[in-house]
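Have a look at the structure below before the remarks.
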Amino acid sequence: MQKPLSLGIAGLGNVGAGLLDLLSTHRDRLRSCVGRDIEVVGISARSKGKSRGVDTSGIAWFDDPLALATSPEVDVFIELIGGADGIAKAAVEAALGAGKHVVTANKALLANHGIALARLAEEKGVSLNFEAAVAGGIPIIKTLRESLTANEVRRVYGILNGTCNYILSTMTDQNRSFAEALKEAQELGYAEADPTFDIGGYDTAHKLAILTCLAFGTEINFDEIDVEGIQSITEADIEAAEDMGYCIKLLGVATVTDTGIEARVHPAMVPEESAIAEVWGATNAVAIDADFCTSLLLIGPGAGGRATASAVAGDIVDIARGGVMPPFVTRACDLKPYKKSTLSAHHGAYYVRLAVYDQPGAMAAIAKRMGDQNVSIESIVQRRPRAVQPGMATRPKPGTPAVVIMITHETTEHAIREAVAAIEADGKVAERPQLIRIEKLEESGT
Ligand SMILES: NC(=O)c1ccc[n+]([C@@H]2O[C@H](COP(=O)([O-])OP(=O)(O)OC[C@H]3O[C@@H](n4cnc5c(N)ncnc54)[C@H](OP(=O)(O)O)[C@@H]3O)[C@@H](O)[C@H]2O)c1
């Protein structure tokens, strides 16, 4: 039997403690799968005295993650601290520089510095594995890096943030406002005390940046992604979507277009009969459209200590078995420069919600502004809020602006934005119009 593979784990929070638990629970299984023992020889975190709920006796403690990263005892450095910069970046760089394999779950680090780190790993001939960095327990990195290598991927998209999906699901299922659903998510531990990073779409954008690079063989593009969060979604949008046969999800979408790569994160309408609409709560889903494999959808736990540890362990197993591949499939020096397709060129259908003043000619003026931009309307309805109790009609007070919902036929982002800006400038609406893209999904043919 080969000598044991020795691990140094920095970060003993949800994922780090989950990994220690998994490695001890499945010690024998792992040994028989890889033909050698996998041993944790060193650990590091901020506070040594903190109870971790796992047995760490006999494992050397390192106050400094950098010392652990470069320790001669360590074959593989596992970075589970988090953060795009700071100690996580320094420790990963130090480990790679010292010729150690690295496994990390850190999407922020990879989205911001992934290519430079990949170059360093390739130069040193070591692995940089990061299955857990995107969609937690879902094996999407392996799928793109290995299983689909012989395909041309045209689009990769998905629900990549459990917090947002939980909030939107709660708003849909339980008729809650955004604020109420967010509060509930925080109480249940699905959302951070400061949820900006999740609800603003930035966490999804980090993951999408990594997926885009893997799917299309381009350099990472985090700053080029168009990002909108879910804060502007109201109960009126959720209700209207349901009544029209749609469901609202925060999607990260990257598509190859004639003019470059369109990478965007935003709330989107998806047909309620689509598989992705059925992904509820904190669950994640990633879909891939590829030429030979056609459509693929992976659904599973996008977070949580155990599921994420499972992904980290899979990366460790690959290293234990031997064989090193470029972190982003294509060697870092051969990745194509990222060419952005501007969002104004996006082609698709739109949902528009307007609060229209009750004035003669208001609707005609709105229709004209749409017509001026060649935006054709598939449907238009005036809505009242749903009755609080069945049978009790809700009648708007006189003078209250009417809620008008429009669904457009396919148009360009440029055209719809121009039309909506003109409607707003005309003073026919009481508040900023709401615009939500309708995502075209192959499976439903919509
Ligand atoms: N949680 C998930 O479900 C999930 C899913 C996918 C990916 N990830 C990624 O996995 C990584 C870890 O996430 P997590 O949820 O496990 O985080 P966490 O619970 O906050 O744990 C972070 C760990 O890092 C340690 N740490 C922080 N600063 C440190 C420093 N300066 N020096 C040494 N140790 C330090 C902390 O030490 P103390 O414990 O002593 O404070 C803690 O053990 C992040 O990159 C995250 O994005 C997490």
Would you please give the FRET efficiency between Ala116 and Val381, computed as 1/(1 + (r/R0)^6) with r the Cβ-Cβ distance and R0 = 51 Å, to the nearest 0.05?
0.50
On a 1.4 Å probe surface of the protein chains, which of Thr218, Thr400 comes out largest in accessible area, and what is the full order?
Thr400, Thr218
What Kirkwood hydrodynamic radius do you get for region 249-359 when you take the inverse of the mean 1/r over all pairs of distinct Cα atoms, in Å?
18.1 Å
Per the 1.4 Å probe, what fraction of the accessible area of region 11-94, in percent, lies on carbon and sulfur atoms?
46 percent
Separation between the His409 and Glu272 pseudo-spin-labels, each 7 Å from Cα along Cα→Cβ, expressed in nm?
2.6 nm
Have a look at the DSSP beta bridges in the chain and tell me what percent are antiparallel, nearest 5.
70 percent
Cross-link partners of Lys368 among lysines (Cα-Cα below 21 Å; sequence separation of 8 or more within a chain):
Lys428
Proximal lysines relative to Lys249, as straight alpha-carbon distance under 23 Å, when same-chain residues fewer than 8 apart are discounted:
Lys107, Lys183, Lys207, Lys440
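Percent relative contact order of the chain, based on C-alpha pairs within less than 8 angstrom and at least six residues apart?
For the chain, the relative contact order is 16 percent.
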Round to the nearest 10 and give me the degree value, 0 to 90, for the angle of helix 86-97's Cα axis relative to the longest principal axis of the chain.
50 degrees
Taking each pair of different alpha-carbon atoms in the chain once, compute 1/r for the pair, average those values, and report the inverse of that mean as the Kirkwood hydrodynamic radius in Å to one decimal.
23.6 Å
Under 5 Å, built H, 5+ apart or other chain: amide partners of Ile377:
His409
Nonlocal amide H pairs with Asp37, under 5 Å, H built at 1.01 Å
Leu5
Karplus-derived 3J(HN,Hα), 6.51/-1.76/1.60, for each residue of region 250-260, Hz, glycine and proline x:
7, 10, x, 10, 10, 10, 8, 10, 5, 9, x
Any idea what angle helix 202-216 forms with the longest principal axis of the chain, computed on alpha-carbon atoms, 0 to 90 degrees, nearest 10?
70 degrees
Please provide three numbers in whole Å: the alpha-carbon extents of region 181-279 along the principal axes, with the largest listed first.
39, 34, 21
Can you compute 3J(HN,Hα) from phi for each residue in region 185-194, using the Karplus curve 6.51 cos²θ - 1.76 cosθ + 1.60 with θ = phi - 60°, rounded to whole Hz and x for Gly and Pro?
4, 5, 5, 8, x, 7, 10, 6, 4, 9
Suppose the Debye formula is applied to equal point scatterers at every Cα of region 179-230; what is log10 I(q)/I(0) at q = 0.14, 0.21, 0.31, 0.32 Å⁻¹?
-0.45, -0.74, -1.12, -1.16
Leaving out ligands, DNA and RNA, what percent of the accessible area of region 226-283 is carbon and sulfur, probe 1.4 Å?
47 percent
Estimated inter-spin distance, Ala67 and Arg36, nm [label 7 Å along Cα→Cβ]:
2.6 nm
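With every protein chain left in place, what is the accessible area per residue of region 134-283 in square angstrom, probe 1.4 Å?
With all protein chains present, region 134-283 gives 35 Å² per residue.
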Quick one: putting +1 on the C-beta of Lys and Arg, -1 on the C-beta of Asp and Glu, what dipole do you get for region 1-81 around its Cα centre, in Debye to the nearest 20?
180 debye
What does the helix-only formula give at 222 nm for the chain: each DSSP H stretch with n ≥ 4 adding -39500 (n - 2.57), the total divided by the residues, and the result rounded to the nearest 500 deg cm²/dmol?
-10000 deg cm²/dmol
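Report the calculated FRET efficiency for Met1 and Asn175 (r = Cβ-Cβ distance, R0 = 60 Å), to the nearest 0.05.
Between Met1 and Asn175 the formula returns 0.50.
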With N set to the residue count of region 45-132, report its C-alpha Rg divided by 2.2 N^0.38 Å to two decimal places.
1.08
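The values are calculated or read from the model by the stated rules, or taken from the named source; none is laboratory data. If you're wondering where the values come from, they're calculated on a predicted model, not measured in any experiment. FYI the Cβ positions are ideal-geometry reconstructions off the backbone, even for glycines, and counts take in every protein chain you see. Calculation scope for accessible area: heavy atoms of the full protein, side chains included, ligands and nucleic acids excluded. Shrake-Rupley method; radii C 1.70, N 1.55, O 1.52, S 1.80 Å.
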